[in-house]
Amino acid sequence: MDKRKIRNRLAKDNALLWAVCILATLTAVPLFAILGEVFLRGYDQLSWTFFTEPTPTAYKAMVAIEAGNSIPGGIANGIIGTMIMLGMAVVVAVPIGILCGAFLAENPKNRFAQMVSYLTDLLQGTPSVIIGIVVYIWVVVPMKGYSAIAGSVALVIMMLPLIIRSTEETLKILPASLKEAGLALGGNRARVMLKVQLPAAFGGIFTGVLLAISRVIGETAPLMFTALGCSFIRFTIDKPISAVPLLIWEFFNDPNLQELIWGASLFLLLFVLTLNLTAKYLAKKWNQ
Amino acid sequence: MESVTPPILEFNKTCVSYTKQTMAVKYVSAAIDKNTITAIMGPSGCGKSTLLRAVNLMHNLYPNIRVDGEILLNGENILSMEPIDVRRRVGMVFQRPAPFPTMSIYDNVLSGYVLNGIRLSKTEKDETVERCLKSVALWDEVNDVLNKKGTFLSGGQQQRLCIARALAMKPDVLLMDEPTSALDPIATAHIEELMQELQNEVTILIVTHNMGQAMRISSKSMFMYLGELVEYGDTATMFSNPSDERTKAYLTGKMG
Ligand SMILES: Nc1ncnc2c1ncn2[C@@H]1O[C@H](COP(=O)(O)OP(=O)(O)O)[C@@H](O)[C@H]1O
Ligand SMILES: [Mg+2]
């Protein structure tokens, strides 16, 4: 009697385990399908010149295709544009985000902080295309032109909520004893935050910044309204500039350049994967 | 009239409440003499930590906590002083050793200066680190690893580092909340010995669960029960001849 019950239960357990395994595999399938597709189509385009040359003109590409050669040129203009805009965005978003996060963590009951916290959630949920159009009105129109500056403003707005939240969460899980020990030595709150709490939270904050970067590096829509794109390599920040996701969209729209889609996609995918894995690794290491 | 040195620290009807309904510390009055060690004893939850944390205004960090009455430091009521000024003069050592995890041993000792925005020259820094680590008998053990993180040390060493960190600010009063309860007997003995030596520099208020420890190191003892200061007097007298029934029950182990 009892034995049968136990056997029954074990069978149920087993069935459940199988179901979970199958479902897990099912969710992994699309991921690996995407990785495989992009890798297989893109890897033979990756060469040294792919990273050092700008996008070819449609005409040059057409000539090469007619002659049976592979398309010349690469995505250097996009890579450099992405790096410039990301660099500027990080320099602005990291300090502001950390400051906001620290403020939220320290003053959970403050009315203003609660409002900021609410706005942060709202911002995180705002579709990126809307952020793009708003930055267009705010920056592109007054500056009378598309620019790297406008692009990085859009990236800053998208990165902020992630940095704010990761800073806030990391600070909140630090033991209270750390802050108390700092204050007990006579430090004021700002110095204790700067010298004790933020250094102790560095791991979590750094991970948050990496994830924020990987979240916005592939954003296309907001850059269409702000950075626009550019077919040659340039380092100016007040002129239209290219970005890797913008290039993918351009390649898709130009029948002569379509082959380049896969190389650019593979590059972007590998970049994001590396950032994510690094963030995961660091988070694990710092939490030990 | 004979001249008596005034007490360095004086509680005057000090009350602390975490909630509106209940008081965790009730009308405590006691005067503490300079350069003495005073032990605070009592069953768990009787308000020892709460009383101690009132002295360096730790309760100010939490807006719901109320502190009433007076606490006089050299005759001045600290409850109306700036917390930062009070905390510079009143150091604290916590139950769990908590060196700052991102700082080296060297920087931990100097952290009080950094946190107060006081700049020291390199030689002043070196001198301070050496003096403070020597005064907690840690210098010989760590002088060749000063750049290592403080968290690499053993628990007892970490606690001594925390004491050094507090002493570096030259406080008048040192508050210690069960500083040895997380340590093994050897480390505990080290720290007890240390406190005896520190008596010349600083007035120590120590919460302890360990009656033997109170007996060994303190000259005066307080016994608290349910937030009240039941008895306060010479340690030897209190242990041999407690005047209150509750103290007697606690000392003879009839109470938690
Ligand atoms: N942060 C707090 N919020 C509310 N009540 C508290 C808090 N800390 C301590 N108490 C209460 O105050 C009383 C005294 O606590 P405490 O001073 O920590 O006791 P002891 O250090 O003697 O063990 C206890 O009843 C405890 O539950
Ligand atoms: Mg306690």
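The values are calculated or read from the model by the stated rules, or taken from the named source; none is laboratory data. This structure is a prediction, so every number in the text was calculated from the model and none was measured. Glycine also receives a Cβ, built like all others from the backbone with ideal geometry; neighbour counts cover every protein chain displayed. When the accessible area is computed, the model is the full protein with side chains, heavy atoms only, and any ligands, DNA or RNA have been set aside. Shrake-Rupley method; radii C 1.70, N 1.55, O 1.52, S 1.80 Å.
Among B:T19, B:T123, B:N108, pick out the residue whose Cα is farthest towards the positive end of the charge dipole of region B:1-155, where Lys and Arg carry +1 and Asp and Glu carry -1 on C-beta, about the Cα centre. Most positive-ward Cα: B:T19. By accessible area, using a 1.4 Å probe on protein heavy atoms only, the protein assembly as shown has 60% of its surface on carbon and sulfur. Highest mobility in the GNM of chain A, judged by mean-square fluctuation with C-alpha springs under 10 Å and restricted to A:I75, A:I130, A:I22, is found for A:I22. For the residues A:T120, A:T220, A:T167, a GNM of chain A with alpha-carbon springs under 10 Å puts the largest fluctuation on A:T120. In terms of the mean number of neighbouring beta-carbon atoms within 10 Å, the peptides B:170-181, B:77-88 order highest first as B:170-181, B:77-88. For the peptide A:172-179, the mean number of other protein chain Cβ atoms found within 10 angstrom of a residue's Cβ is 2.
Rolling a 1.4 Å probe over the protein heavy atoms gives region B:9-251 an accessible area of 44 Å² per residue. Remark: mean inter-chain Cβ contacts per residue of B:183-195 equal 0, using a 10 Å Cβ-Cβ cutoff to other protein chain atoms. Quick one: helix B:105-115 against the long Cα principal axis of chain B, what's the angle to the nearest 10°, folded into 0 to 90? Rounded to the nearest ten degrees, it is 70.
Could you state the number of Å between the C-alpha centres of region A:6-47 and region B:194-210? Each part's Cα centre sits 63 Å from the other's. For chain B, the relative contact order is 27 percent, taking Cα pairs closer than 8 Å that sit 6 or more residues apart in sequence and dividing their mean separation by the residue count. Peptide packing: for B:149-162, A:248-261, the average count of neighbouring Cβ atoms within 10 Å per residue gives the ranking B:149-162, A:248-261, highest mean first. Can you give me the angle between helix B:185-198 and the longest principal axis of chain B, using Cα atoms only, in degrees from 0 to 90, rounded to the nearest 10? Long axis of B:185-198 versus the principal axis of chain B: about 90 degrees.
For the peptide A:191-203, the mean number of other protein chain Cβ atoms found within 10 angstrom of a residue's Cβ is 3. Normalising the average separation of contacting C-alpha pairs (under 8 angstrom, six or more residues apart) by the number of residues puts the relative contact order of region A:76-287 at 31 percent. Among rounded, prolate and oblate, which fits chain A when a ≥ b ≥ c are the square roots of the eigenvalues of its C-alpha gyration tensor, a/c under 1.5 means rounded, and a/b larger than b/c means prolate? Oblate.
Using the Kirkwood radius over Cα pairs, work out the Stokes-Einstein diffusion coefficient for region B:9-251 at 37 °C and 0.692 mPa s, in µm²/s as a whole number. This corresponds to a translational diffusion coefficient of 178 µm²/s. For the protein assembly as shown, a crude dipole built from +1 on the beta carbon of Lys and Arg and -1 on the beta carbon of Asp and Glu, taken about the Cα centre, is about 1200 debye to the nearest 20. Over the protein assembly as shown, DSSP H runs of length four or greater, each weighted -39,500 (n - 2.57), average out per residue to a 222 nm ellipticity of -17500 deg cm²/dmol.
Each DSSP beta bridge with both residues in region B:9-251 is either parallel or antiparallel, and the antiparallel ones are about 55%. Roughly what % antiparallel, to the nearest 5, for the DSSP beta bridges in the protein assembly as shown? About 50 percent, rounded to the nearest 5.
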